[in-house]
1. Classify region 10-81 as rounded, prolate or oblate from the Cα gyration tensor: take a ≥ b ≥ c as the square roots of its eigenvalues, call it rounded if a/c is under 1.5, otherwise prolate when a/b beats b/c and oblate if not.
2. Taking other Cβ within 10 Å of each residue's Cβ, how do 57, 45 sort, fewest first?
3. May I ask you to compute the full-extension gain from residue 24 to residue 69, defined as 0.36 nm times their residue separation minus their alpha-carbon distance, rounded to one decimal in nm?
4. Could you give the length gained on full extension between residue 82 and residue 9, defined as 0.36 nm per residue of separation minus the Cα-Cα distance, in nm?
């Protein structure tokens, strides 16, 4: 997987999750502004986080701080991109 991001506009954390193949790739990206800046990866589904929703805010905080389980599945590997 290659992620080419302008460091001035985005910060992210990606995860490889699952207990056995096929593994899933999921993650969180924070962008400067309201739009995805200068790149869109068509192979992925993008959702805008509603930070006024306490459950979404808690999930974002847990992802940034580090988690052992993501959506109930074990995290095998994680990496920050900035």
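Please treat every number below as a calculation from the coordinates, not as lab data. Source: prediction; values computed, not measured. Positions of Cβ are generated from backbone atoms using ideal geometry, with glycine treated the same way; all protein chains shown enter the neighbour counts.
1. oblate
2. 45, 57
3. Gain in length upon complete extension: 14.9 nm.
4. 25.4 nm
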